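Notes for the one structure printed next.
The values are calculated or read from the model by the stated rules, or taken from the named source; none is laboratory data. The structure displayed is predicted, hence computed values, not measured ones. Cβ coordinates were reconstructed from backbone atoms using ideal geometry, including for glycine residues, and neighbour counts include every protein chain displayed.
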Amino acid sequence: MDELVSMIPRADLLAALLLASALGGAIGLERELSGKPAGFRTNLLICVGAALLTELSVAIGDAANADPGRIAAQIVSGIGFLGAGTIIQSRGTVIGLTTAATLWVVSAIGIAVGAGQYAEAIGTTLLVLAALLLLGKVESRLIQAKRAQNLVVQTAPDIDAVLAVEQILDKYDLRHRMIELERREKDFVFSFELRGPTSRRAKATMDVAGLDVVRRVRQQD
């Protein structure tokens, strides 16, 4: 009878694994929707695996009077190999660091679940989701604001037209510098390198296009 009972999965272990599935799956779903290589199933499996290994590590440590952290410690090393596989270097740019860091945190969440630290695991998951969803948007906007964009303007051959365009750029507090000015037949064609929020660039471009002396305007990345 005792042998049959020992073969039945413990309800608390199943609950812990289900919680790990939910937490890892929530983070994985965000990664999946963002088109990242390590998505829903990867993060879910890592979190469940880390939780189960931690549970086994604690159980074996208690039964053999050994260090319960030995197996759990190897989880971090194993995740290091997975994370390294998601990092790609292309043309001097390293990509995949966020994905690697996410896998590392997901394994930590699984370890917390396996160790019975449920509140910490849930709180960390919420923080990770906030970082990926909210801070990702903020980061994207900051990058766009710092990225230079050229504004190419074709006007009547009058230096006042150039000054009028500069006044509009100053009005919207856009950092700018002229990178080209040439005369083509009966027109001036000049380019400004712009830096600033995308919304203000768009408004400035519309105002420039509305000037009577402007014959053509376009943005160029």
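The table below lists the values:
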{"read-out": "Failed criterion for Arg216 (all others in (1) surrounded by 13 or more Cβ atoms within 10 Å (Cβ to Cβ); (2) in a strand (DSSP E or B) hold)", "value": "(1)"}
{"read-out": "Leading residue by the ranking (farthest from Val213 (Cα to Cα)) among those in the stretch 155-203 that are among the aromatic types (Phe, Trp, Tyr) and out of contact with any Ser or Thr (no Cβ under 9 Å at 6 or more places or on another chain)", "value": "Tyr172"}
{"read-out": "Only one of Asp62, Asp2 that is at pLDDT below 75, surrounded by fewer than 19 Cβ atoms within 10 Å (Cβ to Cβ) and within 18 Å of Gln117 (Cα to Cα)", "value": "Asp62"}
{"read-out": "Meets criteria (under 14 Å from Ile159 (Cα atoms), among the aliphatic types (A, V, I, L, M) and either touching a helix residue (DSSP H, G or I) at 6+ places or on another chain (Cβ under 8 Å) or at pLDDT 80 or above (or both)) for Val208", "value": "no"}
{"read-out": "Candidate set from the stretch 167-200 (those that are modelled with pLDDT under 80 and assigned to a helix (DSSP H, G or I)); member that is nearest to Gln149 (Cα to Cα)", "value": "Thr198"}
